Amino acid sequence: MMTHQCHAPSRASSGFWWKTAWLCYVGLVLYLALGPTTNSSTIPQLDKVKHLCAFLVLMLVFPWIVQRGRLLRPLAVALVLGVGIEVAQYLFPQWNRQAELLDLVADLIGTGIGLIFRLRLGRRYA
């Protein structure tokens, strides 16, 4: 008779799935930033709030270690993603999107807030 043993997922495989989920979230952010637009909001600057929240979450679930002194990777990822979105919006006006410097500022503010939360949570739960 054969018996099957259940094994907890290894750290390597759980890291793989965490990174895969994060990349899917990045894809969602790109789709929402570059895909079809629904400008039905009557709330001024709601777009900036959406950018801030998207990048805050992006850093909260950033699948690599975030520590003081080791913030270059998450900051670089956020900067490349934010600049890339704005450049794509500028280069492809047929997408009915408009590149704005304030969107990038909101991205970076969200990134900063997310990293601060990560650093504070890391200290508490480490």
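Before moving on, here are some points about what is shown:
- Criterion: under 11 Å from the mean Cα position of the chain (by Cα), at pLDDT below 85, not polar (S, T, N, Q) and not in a helix (DSSP H, G or I) - qualifying residue of Pro63, Pro44: Pro63
- Matching residues, segment 50-60, being over 8 Å from the mean Cα position of the chain (by Cα) and either crowded, with 22+ Cβ neighbours inside 10 Å or modelled with pLDDT of 95 or more (or both): His51, Leu52, Cys53
- Filtered by the rule that a residue be in contact with a helix residue (DSSP H, G or I) (Cβ under 9 Å, 6 or more places away or on another chain) and modelled with pLDDT under 70, segment 9-38 gives a lone residue, Pro9.
- Candidates are the residues of segment 66-84 that are outside any helix (DSSP H, G or I) and surrounded by 14 or more Cβ atoms within 10 Å (Cβ to Cβ); the one that is modelled with the highest pLDDT is Leu71.
- Residue in segment 91-114 that is modelled with pLDDT of 90 or more, of a type in the set (Phe, Trp, Tyr) and within 12 Å of the chain's Cα centre (by Cα) present: no
- Every residue from segment 93-126 that is aromatic (Phe, Trp, Tyr) and free of Cβ contacts under 8 Å to residues at least 24 places away in the same chain: Tyr125
- Pairing each residue of segment 38-61 that is under 20 Å from Val26 (Cα atoms) with any residue that is of a type in the set (S, T, N, Q) and at pLDDT 90 or above, provided the two are 6+ apart or on different chains, yields C-beta distances under 8 Å for Phe55/Thr111; Leu56/Thr111; Leu58/Thr111; Met59/Thr111.
The values are calculated or read from the model by the stated rules, or taken from the named source; none is laboratory data. If you're wondering where the values come from, they're calculated on a predicted model, not measured in any experiment. A quick note on method: Cβ atoms are made from the backbone with ideal geometry, for glycine too, and the neighbour counts reach across all protein chains shown.
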